[in-house]
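Worksheet: the structure to be examined is printed underneath.
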Amino acid sequence: MEENYWLVCHTKPRCEKKLAALLQAEKFEHYLPLVNSVRKYGRQTKKFTKPLFPGYVFACVPMEMKSRIYQQDLLARAIHVIDVPLFLRQIADVKTIVASGFELTVMPLITKGRRVKIIGGPLWGLEGMVENPASPQGVVLSVDVLQQGLLVRVPAEMLQVLP
């Protein structure tokens, strides 16, 4: 019995469309969300599509054929999706949003305890943790030697999520 597994395929740089073409040739169900982009080079304007999530393609692959997705050396790794129903709902949402034509931007998920760096204003360069993800303007900067923290209100657009 063939059992299919959903994988998040992390591609090598600039290989998303090539991997999607390979998946298409192998007749594996897959999804590469693409968005329109416009660039100006002097007087020329170029329109093209680019991956919404750079470096990622989603694929449903029979486990015994998983080696086929590595045949052209396009993948860095493939991550097995654990909660498939949630994943499929989220992918359906992504498809709806992309198809809507609305302008969109990928943002890092800001969660409680997430380390962030302040990238603007007088606190530029300071690092801290998000206190309240419902209102991510609260960043706690720690003073470890005192085992104290300072809660500073910083606009979300001035925060960069750290790995």
The stretch 4-40, residues that are among the hydrophobic types (A, V, I, L, M, F, W, C), within 15 Å of C60 (Cα to Cα) and not in a strand (DSSP E or B): L19, A20, A21, L22, L23, A25, F28, L32
Residue in the stretch 93-108 that is over 13 Å from the mean Cα position of the chain (by Cα), under 30 Å from V139 (Cβ atoms) and in a strand (DSSP E or B) present: no
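Every number here is computed from the coordinates shown, using simple stated rules; none is lab data. Please read all numbers here as calculations on a predicted model, not as lab measurements. All Cβ positions, even for glycine, are placed from backbone atoms using ideal geometry, and neighbour counts span all protein chains on display.
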